[in-house]
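Below is one structure, written out as structure tokens; comments come after it.
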Amino acid sequence: MVNGGCFVRAEGEARVVVVRGVVFAHYHRGDLAAVALVVAQLLEAGHAKPGELAAALHLGIATVHRYRQRYVEGGADWVVAKKTTLGADNGIG
């Protein structure tokens, strides 16, 4: 539970973020780029506060703020670049 209107459900390696009864995002637990994007988008949309996300997702508060700042500065593009840089399988080719 993130807060009264937002929660993360975990089943095995899958994570689903629900906001006011609607699926907001889903991702694999090991997909750090997806986690960063979800955190940033939840903050920007006003669905959660940094401390709530840090506690619910077991992240440091500085990490949550860093994700938000990078999203504000570079949008979702920084996530794609980060994922590629980390050598993660992005499903391309």
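Quick note: the coordinates plus some simple rules give every number you see, no bench work behind them. All values reported here derive from a predicted model rather than from experimental measurement. Backbone-built Cβ (ideal geometry, glycine too); neighbour counts: all protein chains shown.
Determine the dipole magnitude for segment 1-59: charges of +1 sit on the beta-carbon of Lys and Arg, -1 on that of Asp and Glu, nothing else is charged, the reference point is the Cα centre, and the result goes in debye to the nearest 20. Please report the intermediate quantities before stating the final value.
Numbers: 5 positive and 5 negative charges, 25 e Å.
Approximately 120 debye in magnitude.
Testing the spin-label approximation: label points 7 Å from Cα along Cα→Cβ at residue 73 and residue 9. State their distance in nm.
For the pair residue 73/residue 9, the computed spacing is 3.6 nm.
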